[in-house]
Amino acid sequence: FFFGRLSLGTRQRWLQCLLLVCLVATCRATASPKPGLEDPVARDSACSSFADRPSLAFLVRAAVDHVYEKWYLSLVESLASFARSIPLVVVLDAEGSAPLHAQLLAQRYPYPSVLLEAMPGDGGAWLRTKGNHRMQSLGYNRMQFSNFFADLQTDAEVIGIIDTDVLVTAQVTPQDIWTSDGRIIVGLKVGSDRFCEPTAHAIGRPCPGDALGWWEPPIFFHRDTFRNFRAYVIRRLQVTTLKEAFLNWTAVNVAFSQFSMLAAYAYYFERDRYHFVGNHAHAAIPVDEVTPYPRPWLHIKYTIMYCRGGRNLKDRTDHAIWMGHCFATDLKAENCSRLQGHVNQNLFQPCQRFKPTPRQRALFEEHMARVRHLCPADRATFESRVCGMAAALSGRQWTEPMCRGAGAARGARAPVEFTLPAA
């Protein structure tokens, strides 16, 4: 009777909490390996690991209100499930109640490094530009300018800038980020003219394409690419600071993309360090590969906006993570086979039902083989799934020992104040 009188949302919350308790019990019961059930990957000294690659971090630049909405909670839950060995850096505005929220966030699984970024000089008046484009608000301009300095916000050698509305839907492997010879993979919607006017202005070369229109965040760059880009733009445009160049890009009614600018710079000046994947062949803009490419994450807000039937994804994010976990842990293939057409199997065309070509099927099988070959420290587990759910459900009140242990191993620390330089 009591349960029946609760609202639908409250009932769902109670059911999720009950499921969480059951999972914890299951994890504790299965914590010790059973005789005869040794993990073949654990015995393989040649397993694939992020520890053997350049240091890597995900970086989220957001306002305080963004980190307490559904999108961010789903992102954290999915990162904890499928990228548990990769550190997370969260950069917040430093004004108002941000210091309090930053302190709480730093104590919450997955214990990100939290930076409080002070408002740039002049009270940020120069960020309130005259352009009328919807993407030229104070907050959006501030986020874009901050992204150009990502190398000062983490010590990682490779930085993956990820939006709060991204959902990781499958196990992340090193091969999703690097080629076999160590180049970072970047996708381009080749020949797209979106964002091209300001990109060409910044680089002084024809715009190779849109780094967001086909590829989806996170987008990875070498740490020094950010510094090299800033120095090049300042020198080419004959200005003294990046702020002066930024004002040129935001003073007109044209949107620009910091990712497309950085990708264009890498395309022309650091080509040997990146592997460019194009959505199609283009005679004037050669890329390294034109092929369907597995992407274990979705820019879910835009998937909902543009994909037929995509609106159902918002209400199915928990289901998507659960199903992705079924594949990632390789429980039993037959248990996941009923998911034909599900977003987790569709690493190529998230807008459509999964009807793979032979090439797509081969690439999917290659991805799953890489997942099975991951070292235990990088693979999704029941424990990582439980801790991810804890972060999304009970948040700062969560005290499960295995999650606290993960935070201690990562070196959780208090928020740090950060000021953007002028150049």
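The values are calculated or read from the model by the stated rules, or taken from the named source; none is laboratory data. The model shown is predicted, which means the values in this text are computed figures rather than measured ones. Cβ atoms come from the backbone with ideal geometry, glycine included; neighbour counts cover every protein chain shown. Side chains included, ligands, DNA and RNA excluded: accessible areas come from the protein's heavy atoms. Shrake-Rupley method; radii C 1.70, N 1.55, O 1.52, S 1.80 Å.
Brief remarks follow.
- Per-residue SASA entry for residue 413, accessible area with 1.4 Å probe, Å² rounded to 10: 110 Å²
- Note on segment 56-299: dipole from Cβ charges, positive end direction compared against 81, 261, 169; the farthest Cα belongs to 261.
- The charge dipole of segment 146-225, taken about its Cα centre with unit charges on the Cβ of Lys, Arg, Asp and Glu (plus for the first two, minus for the last two), comes to roughly 220 debye.
- Subtracting the Cα-Cα distance of residue 291 and residue 200 from 0.36 nm times their residue separation leaves 30.2 nm of extension gain.
- Accessible area per residue (1.4 Å probe, heavy atoms of protein chains only) ranks 416, 114 as 416, 114, with the largest value leading.
- In this Cβ point-charge picture (+1 for Lys and Arg, -1 for Asp and Glu), segment 56-299 has a dipole of about 400 debye about its Cα centre.
- Beta bridges by DSSP in segment 56-299, antiparallel share as percent, to the nearest 5: 30 percent
- Extension gain from residue 97 to residue 283, taking 0.36 nm per residue of separation minus the Cα-Cα distance: 61.7 nm
- Distant-in-sequence amide H partners of residue 91 (H built 1.01 Å from N, under 5 Å): 60, 61, 62, 115
- Look at the Cα gyration tensor of segment 56-299: its axes a ≥ b ≥ c give a/c of at least 1.5 with a/b at or below b/c, and that counts as oblate.
- Positive contributions from Lys and Arg (+1) and negative ones from Asp and Glu (-1), summed over other residues with Cβ under 11 Å from the Cβ of residue 218, come out at -2.
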